[in-house]
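Here is the structure we will look at.
The values are calculated or read from the model by the stated rules, or taken from the named source; none is laboratory data. Remember, it's a predicted structure, so these values are computed and weren't measured experimentally. Reconstructed Cβ throughout: ideal geometry from the backbone, glycine too, with neighbour counts over all protein chains shown. Surface accessibility is based on the protein's heavy atoms, side chains included, excluding ligands, DNA and RNA. Shrake-Rupley method; radii C 1.70, N 1.55, O 1.52, S 1.80 Å.
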Amino acid sequence: MKAREVAEKLNMIILTGDGDQEVTGLYTCDLLSWVISHASSGDMWVTVMNNLNILAVASLADVACIVLPENVEADEKLLERAQEKEITLIATSRSAANVIAEASKWIESER
Amino acid sequence: MELSEEIIRLHYDINDEDFSAAGEASSAVKKTLSRLGVSPETVKRVAIAMYEAEINAVIHADGGAADIEITPQQIKVVISDRGPGIPNMEAAMQPGFSTATESVRELGFGAGMGLPNMKRYTDEMYVDTKIGVGTTVTLIVKI
Ligand SMILES: Nc1ncnc2c1ncn2[C@@H]1O[C@H](COP(=O)(O)OP(=O)(O)OP(=O)(O)O)[C@@H](O)[C@H]1O
Ligand SMILES: [Mg+2]
């Protein structure tokens with residue numbers, strides 16, 4: 001299922017990117033060097049980190065998209081750079097645990 | 001572009017002023033390798049290892065430089081800085097060991113996983129470090 005579709009199913013907001021990436025797994029962690037070596041290509045990555053470094057990590061780890069949970073804010077600079085790098089950035093009021101639990105229903109139902 | 005017998009050399013300066021831009025060199029190398037037709041798995045290994053070295057040069061030193069050499073056999077990445085050096089290399093290689101400051105930790109760094117990640121994702125890794133002079137990390141991934 002595409003990132004855009006998962007976002008739709010969970011009523012999450014797409015801030016940047018086209019959401020066209022295929023989501024093949026789910027991952028959540030905030031330690032960047034942990035994420036970069038443990039997240040898999042195609043994962044929907046949920047993190048409360050909202051600094052610019054998450055964009056480099058996302059593109060180097062080939063994750064499908066980034067989800068900012070619990071109303072974590074994305075500032076102008078983050079939005080601008082994410083747009084530039086064509087990274088799909090999603091925002092939601094849901095908790096990380098809830099995003100993972102709910103999204104897994106849709107991603108698994110497709111396998 | 002295509003991997004020929006010719007050696008491809010790339011050079012990037014790693015700037016420590018724009019902390020948030022760290023990773024630019026790794027991203028650029030990742031793109032180049034993909035364009036050259038290197039397998040996605042190999043590209044990811046190089047990208048992760050190089051990113052960790054690049055970030056360390058920014059966080060723990062005052063920036064530095066990256067030199068990349070691509071041949072049909074291997075990709076070699078050399079990251080050098082003129083920072084404080086690493087006093088105890090054995091300790092630094094342990095997963096979880098970190099001297100990252102609180103402000104850097106707040107950005108999500110400081111898990112103490114950078115050097116272990118470099119080791120894990122490369123075929124060969126060498127660290128040449130001298131107190132007060134700097135650190136040079138050499139990363140080799142075979143194609
Ligand atoms: N280029 C460097 N110059 C000086 N010290 C370094 C350098 N690279 C690593 N170190 C030292 O080695 C320690 C371990 O490095 P490592 O990359 O494994 O973890 P980290 O950078 O602290 O955290 P993480 O990489 O998980 O964000 C660092 O905390 C620092 O003390
Ligand atoms: Mg590090």
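Could you list, in sequence order, all residues of segment A:20-39 that are away from ligand 1 (no atom under 16 Å from the Cβ) and either open to solvent by 60 Å² or more (accessible area, probe 1.4 Å) or over 20 Å from A:ASN98 (Cα atoms) (or both)?
Once the filter is applied, which keeps residues that are away from ligand 1 (no atom under 16 Å from the Cβ) and either open to solvent by 60 Å² or more (accessible area, probe 1.4 Å) or over 20 Å from A:ASN98 (Cα atoms) (or both), segment A:20-39 yields A:ASP20, A:GLN21, A:GLU22, A:THR24, A:THR28.
Being within 14 Å of chain A (Cβ to nearest Cβ) and without any contact (Cβ under 8 Å) to a residue 40 or more places away in the chain, is that true of even one residue in segment B:65-78?
Checked segment B:65-78: no residue is within 14 Å of chain A (Cβ to nearest Cβ) and without any contact (Cβ under 8 Å) to a residue 40 or more places away in the chain.
Tell me, please, whether a residue that is under 22 Å from B:ALA111 (Cα atoms) and either assigned to a strand (DSSP E or B) or touching a Lys or Arg at 6+ places or on another chain (Cβ under 6 Å) (or both) can be found in segment A:76-91.
No: segment A:76-91 contains no residue that is under 22 Å from B:ALA111 (Cα atoms) and either assigned to a strand (DSSP E or B) or touching a Lys or Arg at 6+ places or on another chain (Cβ under 6 Å) (or both).
Looking only at segment A:24-39, decide whether some residue is touching a Leu at 6+ places or on another chain (Cβ under 9 Å), over 24 Å from B:GLY110 (Cβ atoms), modelled with pLDDT of 95 or more and not hydrophobic (A, V, I, L, M, F, W, C).
No - not one qualifying residue is present in segment A:24-39.
More than 14 Å from chain B (Cβ to nearest Cβ) and either assigned to a helix (DSSP H, G or I) or more than 10 Å from the chain's Cα centre (by Cα) (or both) - does that describe any residue in segment A:40-61?
The answer is no, given that none of the residues of segment A:40-61 is more than 14 Å from chain B (Cβ to nearest Cβ) and either assigned to a helix (DSSP H, G or I) or more than 10 Å from the chain's Cα centre (by Cα) (or both).
Residue check: is B:LYS119 at pLDDT below 95, within 16 Å of the chain's Cα centre (by Cα) and either within 11 Å of ligand 2 (Cβ to nearest atom) or within 14 Å of chain A (Cβ to nearest Cβ) (or both)?
No, not satisfied.
Across segment B:93-132, what is the number of residues that are touching a Leu at 6+ places or on another chain (Cβ under 7 Å) and not aliphatic (A, V, I, L, M)?
So the answer is 3.
Any residue at all in segment B:122-131 that is touching a strand residue (DSSP E or B) at 6+ places or on another chain (Cβ under 7 Å), open to solvent by 60 Å² or more (accessible area, probe 1.4 Å), without any contact (Cβ under 8 Å) to a residue 40 or more places away in the chain and not hydroxyl-bearing (Ser, Thr, Tyr)? Before you say what the answer is, go through the steps one by one.
Here is the first cut: in segment B:122-131, the residues touching a strand residue (DSSP E or B) at 6+ places or on another chain (Cβ under 7 Å) are B:122-129.
Still in the list and also open to solvent by 60 Å² or more (accessible area, probe 1.4 Å): B:123, B:126, B:128.
Pick out the ones that are also without any contact (Cβ under 8 Å) to a residue 40 or more places away in the chain and you get B:126, B:128.
Of the ones still in play, those that are also not hydroxyl-bearing (Ser, Thr, Tyr) are B:128.
Yes: segment B:122-131 contains one or more residues that are touching a strand residue (DSSP E or B) at 6+ places or on another chain (Cβ under 7 Å), open to solvent by 60 Å² or more (accessible area, probe 1.4 Å), without any contact (Cβ under 8 Å) to a residue 40 or more places away in the chain and not hydroxyl-bearing (Ser, Thr, Tyr).
Only one of these is touching a residue at least 40 places away in the same chain (Cβ under 8 Å) and among the hydrophobic types (A, V, I, L, M, F, W, C): B:ALA21, B:ALA25. Name it.
Checking each option against the conditions leaves just B:ALA25.
Quick check on this structure: which one of B:ALA25, B:ALA53 is touching a Phe, Trp or Tyr at 6+ places or on another chain (Cβ under 6 Å) and of a type outside the set (D, E, K, R)?
Values: B:ALA53 fails: touching a Phe, Trp or Tyr at 6+ places or on another chain (Cβ under 6 Å).
One residue alone meets the criteria, B:ALA25.
Here's a check for you: in segment B:17-42, which residue that is more than 9 Å from every other protein chain (Cβ to nearest Cβ), within 14 Å of the chain's Cα centre (by Cα) and buried (at least 17 other Cβ atoms within 10 Å of the Cβ) is modelled with the highest pLDDT?
Ranking the candidates gives B:VAL29 first.
Go through (1) in contact with a Pro (Cβ under 8 Å, 6 or more places away or on another chain); (2) surrounded by fewer than 17 Cβ atoms within 10 Å (Cβ to Cβ) one by one and return the number of the condition B:GLY96 breaks.
In the conditions (1) in contact with a Pro (Cβ under 8 Å, 6 or more places away or on another chain); (2) surrounded by fewer than 17 Cβ atoms within 10 Å (Cβ to Cβ), B:GLY96 misses (1) alone.
Going through B:GLY114, B:GLY83 one at a time, which residue ends up being within 14 Å of another protein chain (Cβ to nearest Cβ), within 15 Å of ligand 2 (Cβ to nearest atom) and surrounded by 13 or more Cβ atoms within 10 Å (Cβ to Cβ)?
On the way: B:GLY83 fails: within 14 Å of another protein chain (Cβ to nearest Cβ).
Sole residue among the options that is within 14 Å of another protein chain (Cβ to nearest Cβ), within 15 Å of ligand 2 (Cβ to nearest atom) and surrounded by 13 or more Cβ atoms within 10 Å (Cβ to Cβ): B:GLY114.
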